[in-house]
Amino acid sequence: LGRLEPFLRGLGDEAKQQGRVSSDVYMGQQCLAAEIIGGLVRGMARWAPDDVAYGRSVVTEALGHVLRAPEIESAAIWASCLRFAIYHRHPSKTGWLLTFLFDAGLPPHGDTGASSVSACKRMMLLRHVVKELGWRGAPLQRQLAHDLLPFLTSPLAQTRTC
């Protein structure tokens, strides 16, 4: 994890510099980071408790940068990453990740105009997470339905369709 950490922590810087690199390079970096994150989440089940806490902090920081990046192009890549990370896993094993995604997943309640691109991207990612959880995610589905009510009346068509 020590050798991968600088790359993962640099995701926030790369999002700011997206206009400076070609879209193929940027998408390649996003694919690599998503593969690393998905593997880390699944592999942490076999780590020592101290290493798990450190790994979770690195993963949540990297995913925080991804959620805040105002671009939609990489949403499918990250949706696949999250689906892989929680595939056939009980929610108690990935509860920390689900809590992070749902707590950081939407802007504060009622703030529908902050950034429609970021909100749309976050909703797209949460849709895949809820779908992958299936019947195990019923409480999360209710929470998401409650949190989405302000976005259904948003004046921005892109936000409403997400």
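Read-outs: derived from the displayed coordinates by stated rules, not from any lab. All values reported here derive from a predicted model rather than from experimental measurement. When we count neighbours, we look across all protein chains shown, and the Cβ atoms used for this are built from the backbone with ideal geometry, even at glycine.
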Stretch gain in nm, segment residue 99-residue 25, where the contour uses 0.36 nm per residue and the Cα spacing is subtracted: 23.5 nm
FRET efficiency for residue 60 and residue 127, using Cβ-Cβ distance with R0 set to 25 Å, rounded to 0.05: 0.80
Packing-based order for 33-41, 53-61, using average beta carbon neighbours within 10 Å, highest first: 33-41, 53-61
Cα→Cβ-extended label distance, 7 Å offset, between residue 46 and residue 84, nm: 1.6
Segment residue 72-residue 135, extension gain: residue separation times 0.36 nm, minus the distance between their alpha carbons: 19.9 nm
Extended-chain gain in nm, criterion 0.36 nm per residue less alpha-carbon gap, residue 53 and residue 7: 14.7 nm
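Would you mind putting 62-73, 86-97 in packing order, based on average other-beta-carbon counts within 10 Å, highest first?
62-73, 86-97
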